[in-house]
Amino acid sequence: MDRIERRYEFTDTIAKTFGRHTLKFGADFNLIQLRSAKAQIFELDFGGVVNFGGIAAASFSSAFHGLPGTTGLQAYGLGIPTTYIQGIGNSNQPFDNIPVGLFAQDSWRVNSKLTLNYGVRYDVEISPLFGPATAVNAAAEKALGVVEGIPRDYNNVAPRVGLAWDPTGSGKTSIRAGYGLFYDHPLLAIAFNSVTADGGRSVQLLSAGGTASACGLLTAPAPSVCGALDTPANLNGSSIFQGVLNAGSADAVFAPLSLAYLADQQRFDPLAANSLFANQNYLAVGFPLPILPFTLPVAADFKYGYAQQANLTIERALSNSWKVSLGYQYTRGIHLNRPVDVNSTDPQLLSQNALNAALSGLGVSNPVTVVVPSGAPNSCVNQGSGSIFLIAPGALGQGFAAPNCNPAAAVGFVSTPAFFNFFRPSGPNPSFAAAVPGGYATQVALAHAAAYPTGFGVPVPFNSVDAQLSDASSWYHALTFNLQKRFSKGFELLSSYTWSHSIDNGTDLQSTLEPQDSRFANLERSNSVNDQRHRWVTSAVFTTGAGQSGDSAWRRFISGFTFAPLMEVSSGRPYNVITGRDTRLDLGASQARPSVVSSGGTTSPFISGVQFGPADVCLTNAGTPFTVPFFSPPAGCIGNLGRNAFVGPDFFQIDIRLSKRIPLGERLALDLIADGFNMLNRTNIAAVNQLCDPTAGATCVAGQPTAAYDARQFQFALKLHW
């Protein structure tokens with residue numbers, strides 16, 4: 001990656017004392033320039049990302065309902081990914097970022113017992129903003145309330161106040177307290193992502209697993225490859241990963257545009273100048289994408305996160321060298337950023353459509369892959385024991401649970417979810433507009449007739465819109481007890497114990513993608529991933545002092561030694577348990593959690609007393625429960641298991657330093673140093689397996705250690721003093 005970051009900084013502070021007041025004023029100016037000589041300044045998934053996870057048995061055939069599904073490893077062996085993701089296009093957007101900070105403060109020594117510190121800081125950041133790549137993007141982003149880049153926030157004024165008080169005037173007791181606001185700087189990766197995955201100049205192609213096929217990607221009137229088996233659904237993750245995608249069937253129709261498929265590399269050429277995917281060429285020529293690109297924009301009303309921090313500490317000297325302190329710390333995070341899909345699918349409509357399709361005689365293995373048969377408009381097509389009256393062939397029909405479209409057996413509308421963008425609020429998938437007379441306006445009319453989402457009045461060529469919102473919050477409380485002995489008589493000690501509790505509803509950009517259900521992000525409130533209830537750290541230094549002239553050989557030998565142990569004992573941190581399956585039907589997988597059941601569920605030997613069942617909390621867009629009696633386990637549902645519900649193993653480690661100083665005359669001395677880390681060679685767990693798919697079998701391995709911190713290590717050094 002040829003990416004160059006240049007930073008120019010100017011900072012200055014002025015201090016002036018007036019009697020009991022010490023005033024300080026300062027400024028900090030930064031110019032950050034990001035440049036690249038290559039086609040891409042930031043690449044996101046350009047090499048292709050193939051995700052494998054559990055696959056329900058019913059996905060292979062409806063006859064397999066109720067049977068155990070596959071694991072992620074078995075899916076890899078079958079060559080059937082859960083999703084395939086690849087970035088394609090050119091979004092080289094050099095930019096400048098200019099953070100500026102100003103502050104003023106006063107330290108007022110009120111009297112010999114009390115000092116007050118108060119001040120204010122102002123931060124402003126001229127952050128990068130990018131214009132939409134196309135007119136279609138401009139209208140779609142405005143309708144969704146999102147932008148590319150980081151909106152600028154000009155009201156970040158942060159007052160602060162603190163005091164230090166000696167209530168007795170003896171110097172043995174001190175009370176310190178403080179409160180202030182502290183603003184955050186958004187990660188520039190937010191800006192990178194928003195322009196690299198804008199769905200216009202640079203797209204993030206998402207393809208579901210599907211069934212691998214070498215048949216054509218276009219239906220009639222395009223040239224036939226496999227007849228009725230030619231379908232846009234053949235552009236799927238399995239076809240791409242297995243190297244059998246019939247890209248030529250589309251390339252021949254849309255030349256000089258091309259899919260630029262590299263079969264031997266199992267991906268597309270991400271920088272092909274004539275790519276069908278980049279610059280929304282697929283929209284211009286009418287190439288149907290079953291799953292539109294996803295985008296990573298930023299909310300237009302994005303606010304910079306800030307923290308309210310407060311502390312109170314009482315310190316008492318017990319003697320000339322010993323002291324204790326007790327402190328309380330409070331931090332409240334406000335306007336924290338988190339990714340939320342603001343264009344999420346409607347699971348109730350997906351599940352009901354799948355039921356209607358099954359009753360009408362279609363074979364249904366997954367609600368998102370239902371396809372209405374082709375044929376003549378306003379004709380009846382028999383399907384097994386049912387039939388479908390074709391309103392828009394391949395897109396929408398009226399289903400009947402009997403042959404010949406018997407009105408007495410009507411079951412409701414049956415549609416191709418991909419045509420309607422899986423019933424997202426943004427309305428139908430505009431890449432299918434060429435498939436119906438009248439184009440996108442006809443698509444909207446069909447959606448209105450079937451009571452599906454009709455959108456915002458403009459085409460939105462996006463799948464999920466994983467926008468960075470600034471509506472997350474956090475709460476942190478901590479009590480700290482310190483015991484300290486200053487160095488004297490060859491001995492120093494510091495022992496600190498902290499009890500703390502951290503809660504949030506979205507940790508940060510680095511956490512596991514979106515909420516379990518983006519429609520109800522408030523359900524994510526839980527212990528933070530960095531919540532650590534107990535932590536005790538003790539360090540000490542023992543020295544034998546320097547040797548003196550005239551000492552015995554033994555005294556000279558034992559002099560100059562330093563022994564410094566360090567011990568840490570801490571509780572484990574929370575972790576999430578997820579299924580690795582798209583139970584919510586939002587075309588994602590990593591965020592879905594299972595449900596907890598009282599009996600008959602899947603168990604893990606690493607999590608005692610808990611049984612997991614399939615996700616069974618099925619919610620409408622209004623938050624009310626719904627049931628569809630076709631799928632078992634139910635489809636379109638989330639788990640009742642809370643986020644970060646389990647805690648990893650505790651941590652315990654002892655480190656030791658032993659050193660010996662050897663005088664080499666009056667001016668030189670040589671230190672021999674030996675450091676030992678994790679002296680007890682304890683296995684301290686760094687990460688655990690988070691996967692438990694209740695549909696894959698009676699047991700899972702959630703909670704199984706997958707990574708550990710370093711085993712016992714030794715380090716030796718020589719240090720020369722002169």
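Numerical summary
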item: Farthest positive-ward along the chain dipole, Cα basis, beta-carbon charges - from V381, I14, L262; result: I14
item: Spin-label pair K489/A15, simplified geometry with 7 Å Cα→Cβ offset, distance in nm; result: 3.7 nm
item: Ordering of 98-106, 665-673 by packing [mean C-beta count within 10 Å, highest first]; result: 98-106, 665-673
item: Potential lengthening between N530 and N640 on full extension [0.36 nm per residue; Cα-Cα distance subtracted]; result: 37.4 nm
item: Spatial separation of Cα centroids for segment 590-669 and segment 100-138, in angstrom; result: 37 Å
item: Packing-based exposure ordering (other Cβ within 10 Å, fewest first) of F18, F542, F52; result: F18, F542, F52
item: Exceeding the 30 Å Cα-Cα cut-off - candidates K323/K719; K485/K660; K172/K660; K485/K719; K172/K719; K113/K303; result: K323/K719; K172/K660; K172/K719; K113/K303
item: Value in Å of the Kirkwood radius, where segment 428-532 supplies the Cα pairs that are averaged; result: 19.1 Å
item: Calculated FRET efficiency for the pair H501/Y118, C-beta based, R₀ 41 Å, to 0.05; result: 0.90
item: Rough spin-label spacing in nm, given labels placed 7 Å along Cα→Cβ, for A441 and F714; result: 8.4 nm
item: Label point 7 Å beyond Cα of N274 along Cβ direction - residues of segment 72-90 with amide nitrogen under 18 Å; result: 89-90
item: Between 0 and 90°, nearest 10: helix 135-144 axis offset from the chain longest Cα axis; result: 70 degrees
item: Between segment 381-445 and segment 465-492, the alpha-carbon center distance in angstrom; result: 57 Å
item: Listed candidates (i) 212; (ii) 238; (iii) 193 - label of the one calculated as volume of the Cα convex hull per residue in Å³; result: (i)
item: Cβ-derived FRET efficiency at R0 56 Å, S598 paired with T544, nearest 0.05; result: 0.35
item: Charged-residue dipole, Cβ positions (Lys, Arg, Asp, Glu), segment 574-721 about Cα centre, Debye nearest 20; result: 420 debye
item: Estimated 222 nm signal from helices in the chain, with DSSP H stretches of n ≥ 4 weighted -39500 (n - 2.57), rounded to 500; result: -2500 deg cm²/dmol
item: Neighbourhood net charge (12 Å Cβ-Cβ; Lys/Arg +1, Asp/Glu -1) for G149; result: -4
item: Spin-label pair F557/D301, simplified geometry with 7 Å Cα→Cβ offset, distance in nm; result: 7.8 nm
item: Burial order of peptide ranges 688-701, 594-607 (average beta-carbon count within 10 Å, highest first); result: 688-701, 594-607
item: Net +/- balance of residues flanking T115 in space, Cβ distance below 15 Å, scoring K and R +1, D and E -1; result: +3
item: Kirkwood hydrodynamic radius over Cα pairs of segment 574-721, then Stokes diffusion coefficient at 4 °C and 1.567 mPa s, in µm²/s; result: 68 µm²/s
item: Total formal charge among the other residues, if their Cβ is under 12 angstrom from that of R424, Lys/Arg +1 and Asp/Glu -1; result: -2
item: Full-stretch length increase - N482, A252 - with 0.36 nm per residue and alpha-carbon distance subtracted; result: 75.4 nm
item: Ordering of 529-536, 421-428, 390-397 by packing [mean C-beta count within 10 Å, highest first]; result: 421-428, 390-397, 529-536
item: Cα-based helix-to-principal-axis angle, 347-359 vs the chain, degrees rounded to 10; result: 30 degrees
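Where a number appears in this text, it was derived from the coordinates with a stated rule and is not lab data. Just so we're clear, the structure is a prediction, and the values are computed from it rather than from any experiment. Every residue, glycine among them, receives a Cβ derived from its backbone with ideal geometry; neighbour counts consider all protein chains shown.
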